[in-house]
Amino acid sequence: MANLNTDFPNPVRRAAHSALLSLTHPNKSMFERQRALLRKAVPAGFPSPADDYVERRLSLDEHLIQHRESTFFMRVAGHSMRDLGIFDGDLLVVDRSVPATHGCVVVAVIDGEFTVKQLLYTPQGKVLRAAHPDYPEVAVTAEHDFSIWGVVQWNVHRL
Amino acid sequence: MPRAIALVDCNNFYVSCERVFQPKLEGRPVVVLSNNDGCVVSRSQEAKDLGLKMAVPWYQMKDIARRHGIVALSSNYSLYSDLSNRVMSLLSCFSPGQEVYSIDESFLELTGITTDHTAYGQQIRKAIGQCIGIPVCVGIAPSKTLAKLANHVSKKNPRFDSVCDFNSMGATELNILLASIAVGEVWGVGKHTVPKLQEIGIHSVLDLKCAPAKRLGARFSIVFERIVEELNGTACLELDDVAPAKQQITCSRSFGMLTSSLPDLEQAVISYTSRAGEKLRQQRSMAGGIHVYIRTNPHKENDPQYRQNILMPLVEPTDDTRLFCRAALHGLRQIYRSGYAYQKAGVTLTRIIPAAARPNTLFDDVISRQKSHALMKAMDHINNKMGSGTLKLLGEGTHPSWAMRRENRSKRYTTEWGELAVCFV
């Protein structure tokens with residue numbers, strides 16, 4: 001018989017373990033399963049005093065996503081937003097439901113392509129500003145096929 | 001307070017989904033093709049205007065496509081179902097009663113909502129458009145059948161700006177409108193019934209509305225009595241909040257290339273059976289039989305043609321994929337004939353009952369049933385968590401040569417980390 005601990009790659013093993021775990025407690029919620037796991041770790045059968053305080057672990061989804069239906073992830077390519085802390089390869093959390101106000105960072109569509117820039121409302125009209133001295137501001141004119149796709153809420157940057 | 005039911009329908013849904021992440025497709029003729037890039041299943045307005053029809057084999061249209069620069073995409077169901085879930089979930093915020101009717105349509109109960117319904121419809125349209133990027137049309141009426149028609153009108157008639165409320169019209173105005181719609185557009189009136197209706201002088205929706213319900217019911221089917229009542233503004237059909245469990249579960253696909261080898265067919269059948277089994281367990285049901293069918297390509301008229309199917313009953317209802325596969329393979333070997341180039345295979349689980357209603361029998365092997373239940377649960381869990389097909393029966397094969405062709409599928413922007421949309425900054 002295949003050995004679960006050695007014959008399979010790590011992620012498969014982990015999923016299999018949690019599947020098995022959920023089988024041993026088919027009617028229990030995730031929360032209770034974690035408690036059961038904790039209890040197992042106490043060797044002498046003495047109930048852990050922490051048992052009653054086990055809570056659901058924090059989830060980044062909850063923190064980063066305000067509107068589940070209208071939030072999408074996108075990948076950054078390029079360097080023009082460097083000074084606002086957005087780098088090549090970063091992961092953007094974009095919400096389509098929030099209004100694009102003056103100064104926010106938006107995913108815009110210009111002539112059919114996605115771009116990320118800071119949006120400014122000026123007396124002369126909308127301006128897309130990069131955050132890098134080498135990149136000029138772009139004034140949005142009637143010739144541009146322009147729309148705002150969503151507003152960038154967070155940037156996830158790998159250190 | 002008059003009854004008000006809205007039908008919200010996404011415009012050219014698959015094409016619209018593609019456009020959310022490929023804005024450069026806006027304004028261009030775009031079509032989405034079925035599995036294996038076979039037929040057109042969704043068209044942008046521009047493609048409709050060029051005269052492209054639904055369900056026509058794509059290879060017959062390659063010439064027109066090249067001439068007009070039509071973009072043809074393979075279907076990307078991961079994307080469509082994710083965006084559909086988002087649309088449906090957002091729509092549920094607009095009403096206490098919702099029936100998700102299909103991947104791109106949903107009924108909403110608007111009775112009791114005191115805002116002007118046309119304005120409310122526009123609000124729904126705006127919300128779906130901004131939050132998800134999918135254009136929708138809204139039809140509002142006192143019955144589901146009329147709501148479907150109102151939606152049809154909102155799409156076809158620019159005067160309504162994509163929201164049409166029959167309740168806000170006077171009786172005469174509505175009748176004039178209904179007189180201008182062909183009876184075939186009515187929900188539930190099949191293609192083959194239209195000529196029969198025309199024979200007795202029913203051509204437009206108005207004709208049907210004014211027809212004697214009872215006599216039509218007696219002549220055609222009881223369904224017609226209901227349709228006529230619904231057309232007259234009496235809601236006979238309620239909104240089903242929960243989709244009823246399916247009585248049959250089918251999984252069938254055409255192959256990426258024709259094959260005449262039994263091992264290929266076996267792999268395909270095992271793979272389709274696995275998928276059907278997953279769906280069965282998802283709705284907590286068991287099945288007492290499995291139907292297997294295979295066929296050659298009917299469009300290749302010069303090739304020898306063969307099609308056959310067989311129903312394999314099971315000793316007792318189960319939800320174990322392995323038992324279904326055993327039965328399906330047994331059936332397949334009975335109907336398989338060598339020397340034909342097969343194009344498609346499929347399986348259907350039948351005799352479906354709720355898992356909880358499975359009768360106990362005298363010879364039940366309780367232990368092996370528990371083991372089977374545990375194994376299926378573990379498989380579903382792993383495949384849910386790590387992606388469909390992570391854990392599968394070896395019989396499916398590891399590199400199937402018959403697998404589907406999706407030559408021009410867009411990225412799975414919302415379900416795969418490696419395929420996110422890229423912003424150039």
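Any read-out appearing in this document is the output of simple, stated calculations on the displayed coordinates, not a laboratory observation. Remember, predicted model here, so these are calculated numbers, not experimental data. Counting neighbours? That spans all protein chains shown, and the Cβs are built from the backbone with ideal geometry, glycine included.
Here the stretch B:110-205 is assigned +1 on the Cβ of each Lys and Arg and -1 on the Cβ of each Asp and Glu. Its dipole about the Cα centre then comes out at about 280 debye. Under a 5 Å amide H cut-off, with hydrogens placed 1.01 Å from N, residue B:5 pairs with B:110, B:141, B:143 among residues at least 5 apart or on other chains. Residues whose amide H falls under 5 Å from that of residue A:126, counting only those 5 or more places apart or on a different chain, are A:140, with hydrogens built in the peptide plane. Only the Cβ atoms of Lys and Arg (+1) and of Asp and Glu (-1) were treated as charged; on that basis the dipole of the stretch B:187-315 about its Cα centre amounts to roughly 160 debye.
Candidate cross-link partners of residue B:156 among the aspartates and glutamates, defined by an alpha-carbon separation under 19 Å and a same-chain spacing of 8 or more, comprise B:9, B:46, B:49, B:104, B:105, B:165, B:173, B:185.
Coordinate range of the alpha-carbon atoms in the protein assembly as shown per principal axis, descending: 76, 72, 57 Å.
The calculated P(r) of chain B, using every Cα pair and 20 Å bins from 0, goes 21, 50, 28, 1 in percent. Sorting B:205, B:269 by the number of Cβ atoms found within 10 Å of their own Cβ, with the fewest placed first, yields B:205, B:269.
Rg and Dmax of the stretch B:169-291, both derived from C-alpha coordinates alone, stand at 22.0, 65 Å. Annotation: for a label point projected 7 angstrom from Cα along Cα→Cβ of residue B:185, residues of the stretch B:76-119 with backbone N closer than 19 Å are B:105-106.
Note on the stretch B:198-240: Cα convex hull, mean projected area over all directions, 3.2 nm².
Which FRET efficiency, nearest 0.05, do residue B:250 and residue A:68 yield, Cβ-Cβ r, R0 25 Å? Show your work: numbers first, answer last.
Numbers: r = 31 Å, r/R0 = 1.25.
Once the sixth-power term is evaluated, E becomes 0.20.
Dividing the summed helix terms, -39500 (n - 2.57) for each DSSP H run of n ≥ 4, by the number of residues in the protein assembly as shown produces a 222 nm estimate of -10000 deg cm²/dmol to the nearest 500. Ordering B:33, B:270, B:193 by Cα displacement along the dipole of the protein assembly as shown toward the positive end leaves B:270 in first place; charges were set at the Cβ atoms of Lys, Arg (+1) and Asp, Glu (-1). The amide H of residue A:117, built 1.01 Å from its N in the peptide plane, has A:106, A:108 as neighbours under 5 Å, considering only residues 5 or more places off or on other chains. In chain B, a dipole from Cβ-located charges (positive for Lys and Arg, negative for Asp and Glu) runs towards its positive end, and of B:92, B:370, B:336 it is B:336 whose Cα lies farthest in that direction.
Percentage of Cα-Cα pair distances in the stretch B:251-397 greater than 28 Å, rounded to whole percent? I get 23 percent for the Cα pairs in the stretch B:251-397 exceeding 28 Å. Once the Cβ-Cβ distance of residue B:56 and residue B:171 is raised to the sixth power relative to R0 = 45 Å, the FRET efficiency obtained is 0.65. In a reduced charge model with +1 at each Lys and Arg Cβ and -1 at each Asp and Glu Cβ, chain B shows a dipole moment near 940 debye about its Cα centre. 3J(HN,Hα) along the stretch B:109-114: 7, 10, 4, x, 7, 8 Hz, from the Karplus curve 6.51 cos²θ - 1.76 cosθ + 1.60 with θ = phi - 60°, whole Hz, x for Gly and Pro.
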